[in-house]
1. In the range 7-44, how many are more than 21 Å from Ala74 (Cβ to Cβ) and out of contact with any strand residue (DSSP E or B) (no Cβ under 9 Å at 6 or more places or on another chain)?
2. Please work out which one of (1) surrounded by 15 or more Cβ atoms within 10 Å (Cβ to Cβ); (2) at pLDDT below 95; (3) among the acidic types (Asp, Glu) is the condition Asp65 fails and give its number.
3. Tell me which of these Ala79 doesn't satisfy, since it passes every other one: (1) out of contact with any strand residue (DSSP E or B) (no Cβ under 6 Å at 6 or more places or on another chain); (2) modelled with pLDDT of 95 or more; (3) under 13 Å from Asn9 (Cα atoms).
4. Restricting the search to the range 28-72, which residues are among the β-branched types (Val, Ile, Thr), out of contact with any Asp or Glu (no Cβ under 7 Å at 6 or more places or on another chain) and in contact (Cβ under 8 Å) with a residue 40 or more places away in the chain?
5. From Asn50, Asn5, which residue is polar (S, T, N, Q) and modelled with pLDDT under 95?
6. Going through the range 83-92 one residue at a time, which ones are modelled with pLDDT under 95 and open to solvent by 100 Å² or more (accessible area, probe 1.4 Å)?
7. Name every residue in the range 1-56 that is surrounded by 13 or more Cβ atoms within 10 Å (Cβ to Cβ) and on the phi > 0 side of the Ramachandran plot, in order of residue number.
8. Here is a check on your reading of the model: is Leu30 under 13 Å from the mean Cα position of the chain (by Cα), under 15 Å from Arg84 (Cα atoms) and not β-branched (Val, Ile, Thr)?
Amino acid sequence: MIIYNVTTNVERAYHDEWLHWMRHKHVPDLMATGLFVKHQVLRLLSEEENGITYAFQYYLRSQEDLESYENTYAPIFRAEIQQRYRDRLVSF
């Protein structure tokens, strides 16, 4: 099992809208690729002054599935997030 972790700090002013979009659009779209077997959302306790931090963890069966995601889907999803939220969040 492989965990693909994305940690994101989002500005407080955009938090509610972003979290709703993540839960109802972005995560379902990732899961619909068929590459991920489950996911979990964790809110980190150590918050920045102007933002709230989450870890989104996505589970894959294999390294090959991760490579498939990175090569086929990740550029599309990253572009969508960049277009929608620009400098309102930072992810790693």
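1. Result for the range 7-44: 4.
2. Asp65 satisfies all of (1) surrounded by 15 or more Cβ atoms within 10 Å (Cβ to Cβ); (2) at pLDDT below 95; (3) among the acidic types (Asp, Glu) except (2).
3. Unmet for Ala79, out of (1) out of contact with any strand residue (DSSP E or B) (no Cβ under 6 Å at 6 or more places or on another chain); (2) modelled with pLDDT of 95 or more; (3) under 13 Å from Asn9 (Cα atoms): (3).
4. Answer for the range 28-72, where residues must be among the β-branched types (Val, Ile, Thr), out of contact with any Asp or Glu (no Cβ under 7 Å at 6 or more places or on another chain) and in contact (Cβ under 8 Å) with a residue 40 or more places away in the chain: Thr33, Ile52.
5. Asn50
6. Across the range 83-92, the qualifying residues are Arg86, Asp87, Phe92.
7. None - no residue of the range 1-56 is surrounded by 13 or more Cβ atoms within 10 Å (Cβ to Cβ) and on the phi > 0 side of the Ramachandran plot, so the list stays empty.
8. When the stated conditions are applied, Leu30 does not pass them.
The values are calculated or read from the model by the stated rules, or taken from the named source; none is laboratory data. What you are looking at is a predicted structure, and each value in this text was computed from that prediction instead of being measured. FYI the Cβ positions are ideal-geometry reconstructions off the backbone, even for glycines, and counts take in every protein chain you see. These accessible areas exclude ligands, DNA and RNA; they are computed on the full protein's heavy atoms, side chains included. Shrake-Rupley method; radii C 1.70, N 1.55, O 1.52, S 1.80 Å.
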